[in-house]
Amino acid sequence: MQRTDIDTDRIRMSVWTSGPKDGTPVLLIHGNLVTGRFWQDVAAKLPDNLSVAAPDLRGFGRTEPKPIDATRGLDDWTEDVESLVKALGWDGRQIHVGGWSMGGGIAMAYAIKHPRDIASLTLVAPMSPFGFGATRDADGMPTTTDFAGSGGGAVNPDFLRRLAAGDTSADQPTSSPRVTMSSFFWSPKYKAPDEDELLAEVLLTKTGDDHYPGDSTAAGSWPGMGPGVRGVNNAFSPKYCDVSAFGDIKQPFPVVWIRGDEDQVISDTSFFDLAYLGKLGAVPGWPGDDACPPQPMLQQIRKVLDRYQVASNADVREVVLEGVAHGPVIERSDRVAELLEEVATRPARA
């Protein structure tokens, strides 16, 4: 992929591209703390007739660092993607969309707004349609009315300090950006040959209240903090983020849900969910399963995709990769590319 800057009617975006400009459109959306560069190995394995665009989202990479209004949920990013599609001349065309982690939520939000423009949807370790943290069941019911335990205050402050300082060391297993990346972005059993390049992309993340992780507020419920109104992690708090309407789309297009069986980020036992960490004793004062159960993320994703399959009669497939963690786009780029190619080259449904 080659990187270029594209001026849209909303924001100047850094975009990683490959393939012919007049090829079949493929839009790849990254997740939290990374950039479009993380799709490089997948893009390299796709057919030459596909025109691939993988933008750096607002707050990440080299895209113009405009603030993120968390009260709009994923809408700032979704509307930025809409403006990019228009700038690329893809509006009105059917697009194959891939989304990894938070990018999976944005991909679902885009599909809700533009169902007839989706040729296929490939969700790679996607976030729950009900956001991250502070929900208790497969239907996304909030755990408490103040959404405590979600948002910008849930981030390790030492990790944030090291991220902002551009720390490339591996001396602190609980707060080093390098160790976090190599332990959770993909399986610690995997060694990325381009680890230094990928870490450099992570360290481009804009930090602060308007970006990562965002502001925070006090909450009456355990663990005593709740979502603020600005920045990345508040935007996917369930207080503001709900793309479960994806399950009501009636337009049929193929959906592939790819996940690793060792994912510790998007999981029913996520190491980034304060309720699960409380259950393990890592966060003091956890009030128990009845009051604050871990978020059942996989159950939530599956239930919404099942609803979509019934509503649209579309082909929905779940693919579980053995020995893979949160980074199939890195650990199994060949398999992700293969699955994306399968739906991108499938004859259109009448």
Original post:
Does at least one position in the stretch 33-42 carry a residue that is open to solvent by less than 10 Å² (accessible area, probe 1.4 Å), at pLDDT 95 or above, part of a loop (DSSP other than H, G, I, E, B) and over 22 Å from PRO254 (Cβ atoms)?
Top reply: yes
Original post:
Looking at the stretch 188-201, which of the residues that are over 12 Å from GLY327 (Cβ atoms) and of a type in the set (A, V, I, L, M) is least open to solvent (accessible area, probe 1.4 Å)?
Top reply: LEU199
Original post:
In this structure, does GLY153 turn out to be surrounded by 18 or more Cβ atoms within 10 Å (Cβ to Cβ), within 19 Å of PRO284 (Cα to Cα) and not aliphatic (A, V, I, L, M)?
Top reply: yes
Original post:
Under the condition of being in contact with a Cys (Cβ under 8 Å, 6 or more places away or on another chain) and hydroxyl-bearing (Ser, Thr, Tyr), which residue from the stretch 99-150 is surrounded by the fewest Cβ atoms within 10 Å (Cβ to Cβ)?
Top reply: THR144
Original post:
Out of the stretch 265-312, which residues are under 21 Å from MET181 (Cα atoms) and open to solvent by 60 Å² or more (accessible area, probe 1.4 Å)?
Top reply: THR269, PHE271, PHE272, ALA282
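So, in the stretch 222-236, exactly how many residues are over 17 Å from ILE301 (Cβ atoms), open to solvent by less than 30 Å² (accessible area, probe 1.4 Å) and in a loop (DSSP other than H, G, I, E, B)? Talk me through it step by step, then tell me what you get.
Taking the stretch 222-236 as the starting set, the residues that turn out to be over 17 Å from ILE301 (Cβ atoms) are 222-235.
Right, trim to open to solvent by less than 30 Å² (accessible area, probe 1.4 Å) and you get 225-228, 231-235.
Narrowing the set further to residues that are in a loop (DSSP other than H, G, I, E, B) leaves 228, 231.
Counting residues in the stretch 222-236 that are over 17 Å from ILE301 (Cβ atoms), open to solvent by less than 30 Å² (accessible area, probe 1.4 Å) and in a loop (DSSP other than H, G, I, E, B) gives 2.
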Original post:
Here are SER128, SER101, SER83: which of them is on the phi > 0 side of the Ramachandran plot and either in contact (Cβ under 8 Å) with a residue 60 or more places away in the chain or of a type in the set (D, E, K, R) (or both)?
Top reply: SER101
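Which residues, counting only those in the stretch 9-20, are in a loop (DSSP other than H, G, I, E, B), in contact (Cβ under 8 Å) with a residue 40 or more places away in the chain and open to solvent by 40 Å² or more (accessible area, probe 1.4 Å)?
Passing the criteria: ASP9, ARG10.
The values are calculated or read from the model by the stated rules, or taken from the named source; none is laboratory data. Because the structure is predicted, anything quoted here is derived from the model rather than measured. Every residue, glycine as well, gets a Cβ built from its backbone with ideal geometry; the counts of neighbours run over all protein chains shown. The accessibility values were calculated without ligands, DNA or RNA, using every heavy atom of the protein model including side chains. Shrake-Rupley method; radii C 1.70, N 1.55, O 1.52, S 1.80 Å.
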